Each structure stands twice: as structure tokens, then as C-alpha cells.
Amino acid sequence: MQQFQDLGLVPELLRAVADMGFEEPMPVQSQVIPALLSGDRDLVALAQTGTGKTAAFGLPVIQRIDTDITAPQALILAPTRELCLQIAGDLADFSKYMPDVALIPVYGGSSIEAQIRGLRRGVHIIIATPGRLIDLIERKVVNLENVHTVVLDEADEMLNMGFVDSIDEILARVPDDRKMLMFSATMPAEAARIARKYMHDHQEIVIGTRNEGADTVQHIYYMVHAQDKYPTLKRVADNAPSIYGIIFCRTRRETQEIADALISDGYNADALHGDLSQQQRDIVMKKFRDGVISLLVATDVAARGLDVDNLTHVINYGLPDEAAVYTHRSGRTGRAGRSGLSIAIIHSRERSRLRQIEQTMGRKFERRDVPTPEHIIEKRLYNLADRLERFDPDQSDIDSHIGGVLKKLSWLSSDDILRRVFALEMDRLLEYYKDAPAIENIPDKPSKKEGRGEKSSKPKAEHRRPATEAEKDRRTAARGFERVYISAGKADGFFAGNLIELLNHNVEGKRVDVGRIDLLASYSLFDVKKSDARRVVEALRNVDFFGHRLHCEIAEPDKDYTRASNRKKRK
């Protein structure tokens, strides 16, 4: 079995690698490190994130630095500030026994003056986002004439983000005889063009198969009716008690709506999308990395650069248009030798896109039925039993506090206590799934009705995701629910979280169970149980929402609420 000392690394780097717990090099490291240290050819490495590529290029880049020359000698380009910082942190760890090696990350969204001061102190390695690097070059702060190694990390992502002109401009400024390495998960046409234009007799290293994705990732899908996608998402989450994953959505609006719905339903979730400020993004990403939230709902662009090794799930709330985007999404789980799940929740119109992705990746996705309430409850109970079994009470200070509790519960048998503990822990799920309807699994082959363009029958709703404004708003409530109108919508800054807050603060008595929520521009519609409808309407009628006195009523299916809401707001 090959070891790191067989790759030609100097003792200082081997010592740092040992400190970090690396034992045997990963395949990409075994191939790239010797090629960068001793080979004359440029390299294109096709490898997924999580395969150890930062060490593959970072270790030889550090070893090739001549500390007697105080000038940039290696340039690493990355698509996002987050990836830029991650690479810089890893390289700092690798070079900790080589204190004379100086490196700096430069990226947008941070003080350029501080970065200029750092560059003027002298650096050997620059890790940069393309836009900020060009800005520094134009200010004559960065000179690339001594650069002998250029690394393009996640090249396909940089090109997808529109950096092709910036990359051309940067590469035109480095010496022609430099060594160049391009890392990419896929090989789009623009990446191939850059390889032909700027690389010299390049060698291609493929880890796995082109566009295949990591072998440690299992790909499965659920095919349901469009209105059942959100309840299916909840069942997927409930069926994985230790889930830690990213839910990918196609638009910023959908991302925020799904996150709001999950939060209101009691999940530890948050949204990450382009409408957030950089400070808000940093806070959300830190909460996710620290495990404060277990479900991150994100757009593809916003999630770029978020690097977490221990994700259990990647959930596609609908499929992306391109197979390469799916490959990037799924590559965020199953990393560092762990197994992972990439799940697609699709409706019948996405069949053909799923088949295209399967063909491109050379993988057959596994079709599964949506977990039933009975299966979910049983799995959660066994998970709780497993946690109780593995917990060691000798490791806690419980004995000094438990005496009074044991006396208080002495009238209960051990079986009674255990039943109550389980029921208390499972109360939310037991209540939610008590009367939950079945979710219909659409067959893989289109039905005759679908083939003729007819509407197929659909199951009654569970808790629905918020509908987009383009969807028909005059709907009837799900079985056992009543449809309620309220005179506040998105244009008023009114979202699912605001509705839940109003209900919690104004409706007295038993907690109100909310069903489907449709947020429109000037008003909103939502479902509550029929037994709760009247007290909800009375409680929310004339409630103040940031100076706007709300009107609330049982919704009439044929009433034009858009006109009615606008008329009330003009008064």
C-alpha cells in the first residue's frame, strides 16, 4: 500500500500530514502529487469535491516555493470566497513546519485595504477569487511575473459563474513556462478551450469516471404529484433521525418559502440564497457548519464554496437543468470515505430529465416509494431506543439530582416510565401522522391520462409547501381543513413565519395546526382544521401587522381576493 513518504514530499510536509491524521494517500493525491513535483506536463484532473484534491495540489505547491524569493510564485484561483478561505486554511495547516512560506487569501466582500497591506508584506502563494485578483492587478499591487504554478480549482464552477473572461485576463499575465493544474468535476466546453489555449501538452487524470460522481454516494428518487413534493420532503427528513443535509431549490423565492415552511413545522432549518447580505450568509453558514441547523435550504449559486465533509443527505427539490449541476450537488455528500445519499423528489414532467442525468453519469438511480407514517414512527422509535441503549449514565452527574425525581415517579412502573418517555419524545410526529393521508407514488411509465395530457387524480393534501404566485390561488381546502383568507401578502413583507407568529400570539387555547399556505402579492390563503377555523378568524380579525389592520375570513372559492385586498388597502 502506497504511503505519503513514497510520493516525494519533504519531511516538514510529511510531519504536518501525520499531525492531521492522514495515513494513506487518496487516489487523486497518489497521481497528482508526483506529477506536480517532478513532471513537466500540465495537468487536468477530473475529480469530485471531497476526494482530497486540496492536499493533492496544496502539498506540492508548498514544496515548490523558493523562500529566498519574496514574490508570488504560486497562484490558486477559486470560484468563491468560502472556498478561497478553506484552501488557505488547509495550506496553512500543511505548511505549519515551514514558517517562511507566506500565503494570503484575497476575495471580494472583505476589506481590500487589509488585503493590500498583507500583499505588500510579501507573499509566496496567493489564493484568490478572479474578480478581486483583477482589481488588485489593476491597482498594481499584484505582479505575477514570478509565478511558476497556477491552479484552477473547481474550474467548471468558475466558468458557470461567468468568470471565463477574468480567467483569460489572469492567465495572459502569468509566464508562459509556468506549470498549470486545472481541477474540475466535469469537463464543459469552456474548460476544454482553456486547456487547449493555456496548457502545454497536458496530461488528463480522471478519478473515477467522467461526470460519474463519487462511488460512496447512493442515488435515489421519489416520483410524486407536484403538490405532494413538500410533504414528501418532510417524510424524507422524518425518516432520517440524524439527517444533516442540504436541500437544493431552483429559485431564491422557492428556497425561502421551503425554509419558512420547514421552520414553521418545527425543523432546524434555514435558507441560503442570493438575497441575503454577506453577513447574513456568513451567519447561516456558520450555524450549519456548527450543527446548530441540520437542514440548509439553498440555491446552487449560494451554496458554492460551502465545504462540509460529513453531510448525510443532499436533497434535490426538483432536478437541475444540467447533469453537471446535479453532479456538483451530489458530490457534497459521501465525502472523505463516508457514505451519503443524493435524493431527488420529482414529479412526472421531470422523468426525461432524470433519464438524461442517469445517462450522463452512467448511473441508474434507485426508485423508492415515499416512506409511510408507520415506517417513519417505527424507525424513530428504534432510533430513540438505540440512543437510550448507547447512553452511559456513569459519564454524567445525574445521580446527584435524580433522587427526588425517582421518588416523585415511584408510583409508576418501569414500563410506564419507558412508554411515557417514548410518547413524550415522539409527541409531535405521532400527532402529525395520526391522520396523515397516503402520498401517491407515480409509476415510472406515463399513464394513458398523462399521455393524453389529462389531469390524473391526486391524493388529498398533507401539509403543503407555500404555492408560487403563478399557481391558481382560488382553491378548496384539503379534507378536514377550512380555507382562510388574510389581507396580507408578500408585497407587505408577510411570509409563513409571520403567519405562524400571529397565530401563536393571538389564538388562545389549543395550538392551531396549519396546513397548506399560499402566499400571494396582496393577500394569503391558508388551511386550518375545520374545528379551529372560526376561532382563528375571530382572533386574527383587525390584528395589527406593522400598521396594517388585517382582515380575516373563511375563504370563498369564487371570490376575487386580489381586487378585494387592493380595495381594502386603498381605504
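Here are the numbers for this structure:
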| item | result |
| --- | --- |
| Apportionment of accessible area to carbon and sulfur, the range 96-172, percent (1.4 Å) | 44 |
| Residue-averaged [θ]222 nm for the chain, counting only DSSP H segments that reach four residues, each worth -39500 (n - 2.57) | -12000 deg cm²/dmol |
| Sites residue 386 and residue 93, calculated FRET efficiency, Cβ-Cβ separation with R0 41 Å, nearest 0.05 | 0.70 |
| More than 17 angstrom apart: percent of Cα pairs within the range 227-355 | 55 |
| Antiparallel bridges, percent of DSSP beta bridges restricted to the chain (to nearest 5) | 25 |
| Per residue accessible area of the chain, 1.4 Å probe, in Å² | 48 |
| Total charge dipole magnitude, the chain, about the Cα centre, Cβ charges on Lys, Arg, Asp, Glu only, Debye to nearest 20 | 2660 |
| P(r), alpha carbons of the range 307-424 - 5 Å bins starting at zero, rounded % | 2, 8, 12, 14, 13, 10, 9, 7, 8, 7, 5, 4, 1 |
| The range 207-333, relative contact order in percent, only Cα pairs under 8 angstrom and at least six apart counted | 33 |
| Ellipsoid equivalent to the range 1-104 - semi-axes via the Cα gyration tensor, in Å | 19, 17, 15 |
| Principal semi-axes in Å for the range 77-160 [√(5λ), Cα gyration tensor, largest first] | 18, 17, 13 |
| Cβ-Cβ FRET estimate between residue 554 and residue 312, R0 fixed at 60 Å, reported to 0.05 | 0.90 |
| Helix 373-390 vs. the chain, principal-axis angle (Cα, 0 to 90°, nearest 10) | 60 |
| Inter-label distance for residue 421 and residue 250, nm, one decimal - labels placed 7 Å from Cα along Cα-to-Cβ | 4.7 |
| Nearest 10 degrees, 0 to 90: helix 53-63 Cα axis against the chain principal axis | 30 |
| Within the range 48-116, trypsin sites (Lys or Arg not before Pro) in DSSP loop having at most 16 other beta-carbon neighbours inside 10 Å | 64, 96 |
| Cα-based radius of gyration of the chain once divided by 2.2 N^0.38 Å, which approximates compact folds | 1.13 |
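The values are calculated or read from the model by the stated rules, or taken from the named source; none is laboratory data. Predicted model, so just to flag it, every value in this text is computed and none were measured. For neighbour counting, all protein chains shown are included, and Cβ atoms are generated from backbone atoms with ideal geometry for every residue, glycine included. Keep in mind that these areas ignore ligands, DNA and RNA; they rest on the heavy atoms of the full protein, side chains included. Shrake-Rupley method; radii C 1.70, N 1.55, O 1.52, S 1.80 Å.
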